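To start, the structure itself, in structure tokens.
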Ligand SMILES: [Zn+2]
Ligand SMILES: [Zn+2]
Ligand SMILES: [Zn+2]
């Protein structure tokens, strides 16, 4: 049997790659990554580390297939949304109180000042100007 000559596919790029260019994971004994992908996608990870435990085993695989399956970000966003809703519900009554207080303050202020600028003031001022111009 000479199946080895056909090569194997890299888990990340799915390219048919020569066995010597692949790093086999000793943990799952299934996944293998080519050196190009390790260098390109996991620059922080050495081929020795991939051999000890591949990115897939470390739940760190960023290949297209794995990213589609996992999507942990969706869960994160849901949690964030829940937290935001909770925060909003907690803050809302406080905000309403603040608004009510501000309204009350405005009412008090107008009551104290009375009605300082009346419409008649403005019109009489206009009238005097008009008189002066016409005259
Ligand atoms: Zn690859
Ligand atoms: Zn593995
Ligand atoms: Zn993967």
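Looking at the P(r) of the range 3-70, how many percent of alpha-carbon pairs lie beyond 17 Å? Roughly 34 percent, rounded to a whole number. Semi-axes of the equivalent ellipsoid for the range 72-114, computed as √(5λ) from the eigenvalues of its C-alpha gyration tensor and ordered from largest down, come to 40, 7, 4 Å.
The numbers here are math on the coordinates, done by the rules we state, and not lab data. Since this is a predicted model, take the numbers as computed values, not measurements.
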